[in-house]
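Enquirer: I'd like to ask some things about the structure below.
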Amino acid sequence: MSEWTKLYDAVLNGDADTARSVTDEALAAGTDPQTLVNDYMIPAMDEVGRRFEANDFFVPELLIAARAMKGALGKIRPLLTASGVKPKGRVVLGTVKGDLHDIGKNLVAAMLEGGGFEVIDLGVDVSAEKFIEAIRDESADIVAMSALLTTTMPSMKNTIEALNEAGVRGNVKIMIGGAPITREYAEEIGADSYGDSAATAVGIARKLVAS
Ligand code: B1M
């Protein structure tokens, strides 16, 4: 980390104005948007999490850091998104019921769009019913679920069970991801695939539509 450390600092300190202006400056200087996300913004959020665990930061600090991260991501997201290509598939994406974390999900959305997928983003706290409705309405190829809390991981299992009961499970492939999610958990609950990062999500989605 060196040149754009001020972006790291701005996200860590929840300074949204500086996060946006430094992002503009870095992009104007020709810095790769992925570098800004991977080398500065995500490490800053990881440090926010560490400080939260150590009781140095509390929920307000999490919130303002997230707002700064989102402001900077707003500048970057359009650059990750390809245009004018025929969609490789339709992905219904959401953070599962009970979970309000959306920064990782938004990154996954941007990467999938950049990888040529059409993304229907259902937002956060998405119930099984809402996923089922979207699968039917949007003729989705893939359902992508994100969870950041160990306590909301079971919402993924519940959603897959509900898809089975509603008779739509066979129509879609299911990928899951988020910090507490593992390949073993994906296998255990009957998901088709697991992604450990927004970057790998694209390759996984491509494999899923090809299979
Ligand atoms: Co919360 N939070 N939070 N939080 N928060 C965590 C997750 C936590 C680990 C912090 C900590 O204690 N160290 C902890 C969870 C502990 C646990 O479950 N074991 C925690 C907690 C406890 C809570 C609350 C319960 C706090 C409270 O109220 N007492 C509460 C819960 C609210 C709720 O959801 N019901 C809460 C609230 C919040 C805020 C709202 C304040 C805010 C979120 C704002 C927002 O998202 N709009 C927040 C934040 C910011 C965090 C941390 C600090 C940062 C999360 C983040 O954005 N990371 C987080 C600590 C941490 O992660 N270091 C923490 C950056 C993001 C890019 O990473 O989301 O992992 P991530 O996404 C990655 C990959 O996981 C992957 O791709 C992304 C990029 O590569 N990925 C996928 C994600 N989804 C994927 C899907 C895929 C594939 C890949 O396929 C479908």
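The values are calculated or read from the model by the stated rules, or taken from the named source; none is laboratory data. Predicted, not measured: the structure shown is a model, and the values here were computed from it. Here the Cβ positions follow ideal geometry from the backbone for every residue, glycine too, while neighbour counts run over all protein chains shown.
Enquirer: Just need a number here: residues in segment 154-208 that are in contact with a Lys or Arg (Cβ under 6 Å, 6 or more places away or on another chain) and more than 9 Å from the ligand (Cβ to nearest atom).
Expert: Residues of segment 154-208 in contact with a Lys or Arg (Cβ under 6 Å, 6 or more places away or on another chain): 155, 163, 189, 192, 194, 208.
Applying the additional criterion that residues be more than 9 Å from the ligand (Cβ to nearest atom) yields 155, 163, 189, 192, 208.
Matching residues across segment 154-208 total 5.
Enquirer: Give, as residue ranges, the strands (runs of 3 or more DSSP E) completely inside segment 129-211 that count at least 3 residues that are buried (at least 22 other Cβ atoms within 10 Å of the Cβ). So that I can check it myself, show each step before the final result.
Expert: Details: elements: 142-146, 173-177, 193-195.
The qualifying strands (runs of 3 or more DSSP E) are 142-146, 173-177.
Enquirer: Could you list all residues from segment 51-62 that are more than 7 Å from the ligand (Cβ to nearest atom) and either without any contact (Cβ under 8 Å) to a residue 12 or more places away in the chain or aliphatic (A, V, I, L, M) (or both)?
Expert: Looking only at segment 51-62, we keep the residues that are more than 7 Å from the ligand (Cβ to nearest atom), and these are 51, 54-58, 60-61.
Once the filter is applied, which keeps residues that are more than 7 Å from the ligand (Cβ to nearest atom) and either without any contact (Cβ under 8 Å) to a residue 12 or more places away in the chain or aliphatic (A, V, I, L, M) (or both), segment 51-62 yields R51, A54, N55, D56, F57, F58, P60.
Enquirer: Which residues, counting only those in segment 21-52, are within 11 Å of L79 (Cβ to Cβ) and touching a Pro at 6+ places or on another chain (Cβ under 9 Å)?
Expert: T23, L27
Enquirer: Can you name every residue in segment 53-72 that is at pLDDT below 90 and more than 22 Å from G114 (Cα to Cα)?
Expert: E53, V59, L62, L63, A66
Enquirer: Can you run down the residue pairs with Cβ atoms below 6 Å, 6 or more apart or on separate chains, where the first is in segment 132-161 and basic (K, R) and the partner is modelled with pLDDT of 95 or more and part of a strand (DSSP E or B)?
Expert: Correct list of pairs: empty, since none qualify.
Enquirer: In segment 1-13, what residues are at pLDDT below 95 and small (G, A, S)?
Expert: S2, the sole residue that qualifies.
Enquirer: On to the next question. One residue is enough: does segment 77-93 have a residue meeting the conditions touching an Asp or Glu at 6+ places or on another chain (Cβ under 6 Å), within 27 Å of D17 (Cα to Cα) and within 9 Å of the ligand (Cβ to nearest atom)?
Expert: no
Enquirer: Restricted to segment 128-144, and to residues that are within 14 Å of the ligand (Cβ to nearest atom) and in contact with a Lys or Arg (Cβ under 9 Å, 6 or more places away or on another chain), which residue is nearest to N38 (Cα to Cα)?
Expert: Per the criteria, the residue is A144.
Enquirer: Can you confirm whether T23 is modelled with pLDDT of 90 or more, among the hydroxyl-bearing types (S, T, Y), within 16 Å of the ligand (Cβ to nearest atom) and outside the structural domain of A179 (by TED's automatic domain parsing)? Can you show your working first?
Expert: Details: modelled with pLDDT of 90 or more: yes; among the hydroxyl-bearing types (S, T, Y): yes; within 16 Å of the ligand (Cβ to nearest atom): yes; outside the structural domain of A179 (by TED's automatic domain parsing): yes.
Yes: the conditions hold for T23.
Enquirer: List every residue pair whose Cβ atoms sit under 6 Å apart, with the two residues 6 or more apart in sequence or on different chains, where the first one lies in segment 100-119 and is in the same structural domain as G177 (by TED's automatic domain parsing) and the second, anywhere, is part of a loop (DSSP other than H, G, I, E, B) and of a type in the set (K, R).
Expert: From residues that are in the same structural domain as G177 (by TED's automatic domain parsing), the pairs are G116/K88; F117/K88.
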